[in-house]
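**Q** Pasting a structure below so you can have a look.
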Amino acid sequence: MQSFWATGADPYYPTRIHPALNSFADECCGMLARLVAYAGALALLAIVGIHLWDELPVGGAVEPSTKAGWSVAMRSYPAFAVSQFDLPEKTETYQILRHPEGGRKDVLRWTGKGEKPVAELEIYRPGGEFSQSEPAVAEIAARLDPEGGRELEAAGVIDSKFGTVTLLRLAGSTEDAKSCLGFIKRLDEPDLQISGWSCQGGALPARRAAIGCILSRLILLTAGNEPKLAELFARAELRRGSCTASATSADWVTGAENPRLRGTI
């Protein structure tokens, strides 16, 4: 004799759940799994995008001295400073550029009213990107005259705590013209290049003195893992002179014009 439950049971669906319900449950689980996967992928893309955005250089911060491969180092700390160099109504900025092959440029700029630059100092520690075939004078010319593309000519030398420094000016400039003066000093031990320009002063002696003051007051804040750099600045401080001396110590060798018997630099 069959029981009531045995009679009412469907032999094809022993669990009493219709196949359509099973299929609907499977679809819900699959859709939920896909939504979780999509959300995870979007979160991963967002994280990567934020990281790449943080690595991008700040817009408008790239100056004419920046070449391909150089980028603004936002997380690096200043290694140099110019002490007691106060220019009235001038703003000082500090920018650090790094190259993937190891080079580093510390750039100090002073701007006046209207954000017009009046002086610049660059300390360049070369890496694998450095090439002797690219003259540094051409780069200084581009920084002095970003729009004109004029060449530079020698404008004498000055003495500094780092040794003799070559002065440069735009070709065709006269001694009385209110043009800027560029400068460059190349050192081998350690591998270092100090360059820049200044528009301070109404005459050539005053502009020479302004450059001498910048170099005299250039100090090292941290050498990192470069003991030779620390030694260089320690020795230089022993030869440090007063700023006024550079304006009055010009002779036939360090004068405004190069000695004619020696030719141009």
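We did not get these values from a lab; they are worked out from the coordinates using the rules stated. What you see is a predicted model; the values in this text were computed from it and never measured. Methodologically, a virtual Cβ is constructed for each residue, glycine included, from the backbone with ideal geometry; neighbour enumeration extends over all protein chains shown.
**Q** Quick one: Cα centre-to-centre distance for the stretch 95-155 and the stretch 214-230, in angstrom?
**A** Measuring centre to centre over Cα atoms gives 19 Å.
**Q** What does the charge add up to near residue 151, with Lys and Arg as +1, Asp and Glu as -1, over the other residues with Cβ less than 12 Å from its Cβ? Could the numbers behind the result be given before it?
**A** Numbers: positive: 150, 169; negative: 145, 153.
Here the charged neighbours net out to 0.
**Q** With a cut-off of at most 14 other beta carbons within 10 Å, and DSSP calling the residue loop, which trypsin sites (Lys or Arg not before Pro) in the stretch 151-217 qualify? Please list them.
**A** Details: sites: 161, 169, 178, 185, 186, 207, 208, 217; in loops: 161, 178, 217.
Hits after loop and neighbour filter: 178.
**Q** Now, a different point. Which ³J(HN,Hα) values in Hz, rounded to whole numbers, follow from the phi angles of the stretch 118-129 under the Karplus curve 6.51 cos²θ - 1.76 cosθ + 1.60, where θ = phi - 60° and Gly and Pro get x?
**A** 10, 6, 8, 9, 10, 10, 10, 10, x, x, x, 7
**Q** On to the next question. For residue 192, list long-range residues whose amide hydrogen, built 1.01 Å from N in the peptide plane, is under 5 Å from its own amide hydrogen.
**A** Hits under the 5 Å cutoff: 187.
**Q** Please list 3J(HN,Hα) in residue order for the stretch 195-211, calculated via the Karplus relation 6.51 cos²θ - 1.76 cosθ + 1.60 where θ = phi - 60°; whole Hz, with x for glycine and proline.
**A** Result, rounded to whole Hz: 8, x, 7, 8, 10, 6, x, x, 9, 4, x, 5, 5, 4, 5, 5, 5.
**Q** A further question follows. Give me the distance in nm between label points sitting 7 Å out from Cα along the Cα-to-Cβ direction at residue 113 and residue 131, one decimal.
**A** For the pair residue 113/residue 131, the computed spacing is 4.4 nm.
**Q** Give the order of 197, 70 when sorted by the count of other beta carbons within 10 angstrom, beginning with the fewest.
**A** On the way: 197 26, 70 19.
Ordered by Cβ neighbours within 10 Å, fewest first: 70, 197.
**Q** Going by how many other beta carbons lie within 10 Å of each one, how would you line up 106, 191, fewest first? If you can, show how the numbers build up before the last one.
**A** On the way: 106 20, 191 15.
Ascending Cβ contact count within 10 Å gives the list 191, 106.
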